[in-house]
Every structure is written in structure tokens, then in C-alpha cells.
Amino acid sequence: MKSNENNARADSNFYASGALLLALKPWAGVPEQFPYGISVLILNYVLFQSQLIPRWLSVWGLVGGVLIIAMGFLRMF
């Protein structure tokens with residue numbers, strides 16, 4: 001009888017943690033946008049300064065990096 005009670009407790013713990021993970025799923029992508037956006041800004045700034053690609057292309061990359069960071073803030077709030 002004890003093993004059935006222990007199994008029921010273990011199953012309920014798995015259901016609770018599974019429900020928690022499913023509830024956090026929409027928030028999973030939010031934290032990764034900030035480092036990605038900052039790295040896009042750094043990369044395009046370096047490309048802008050070095051003139052390895054046309055400047056208009058690196059400016060579009062800078063605009064895209066700002067928009068990625070803004071999208072992360074908007075998704076948070």
C-alpha cells in the first residue's frame with residue numbers, strides 16, 4: 001500500500017512541474033532576445049566602422065538590433 005501512495009505523490013509532483021513548465025513556455029524566448037540584440041548592435045557597429053560592407057547595410061543591421069531589443073521589452077510588458 002505504501003508504494004502506491006509514494007507513486008501517487010511522485011506522479012503529482014511531475015504533473016505540477018509539467019504544468020509550471022507549460023505555463024512558462026511563452027516566456028522562454030524573452031531573455032534570449034537581449035544578448036542577441038546587443039550582439040547584433042556590436043557586430044554592425046564594428047562593420048560600420050571598418051567599412052567591410054556598404055554602410056547602408058550596417059545601418060540596417062543597427063536598426064534591426066534596436067528593434068530586436070525593443071521587441072524583447074514589449075514582450076516582457
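The values are calculated or read from the model by the stated rules, or taken from the named source; none is laboratory data. Note that the coordinates shown come from a computational prediction; the quantities given were computed from them, not determined experimentally. Methodologically, a virtual Cβ is constructed for each residue, glycine included, from the backbone with ideal geometry; neighbour enumeration extends over all protein chains shown. Just the protein is used for accessible areas: all its heavy atoms, side chains included, with ligands, DNA and RNA removed. Shrake-Rupley method; radii C 1.70, N 1.55, O 1.52, S 1.80 Å.
General remarks:
- In region 30-59, the residues that are within 18 Å of Ala70 (Cβ to Cβ) reach residues that are assigned to a helix (DSSP H, G or I) and open to solvent by 80 Å² or more (accessible area, probe 1.4 Å) with C-beta atoms within less than 7 angstrom, at least six apart or across chains, in these pairs: Val30/Arg75; Gln33/Met71.
- Test: residue in region 14-27 that is at pLDDT 95 or above, assigned to a helix (DSSP H, G or I) and open to solvent by 60 Å² or more (accessible area, probe 1.4 Å): no
- Within region 62-77, residues that are touching a residue at least 12 places away in the same chain (Cβ under 8 Å) reach partners that are in a helix (DSSP H, G or I) and of a type in the set (Gly, Ala, Ser) with beta carbons closer than 8 Å, at six or more positions or on different chains, in the pairs Gly65/Gly37; Val66/Gly37; Ile68/Gly37; Ile69/Gly37; Gly72/Gly37.
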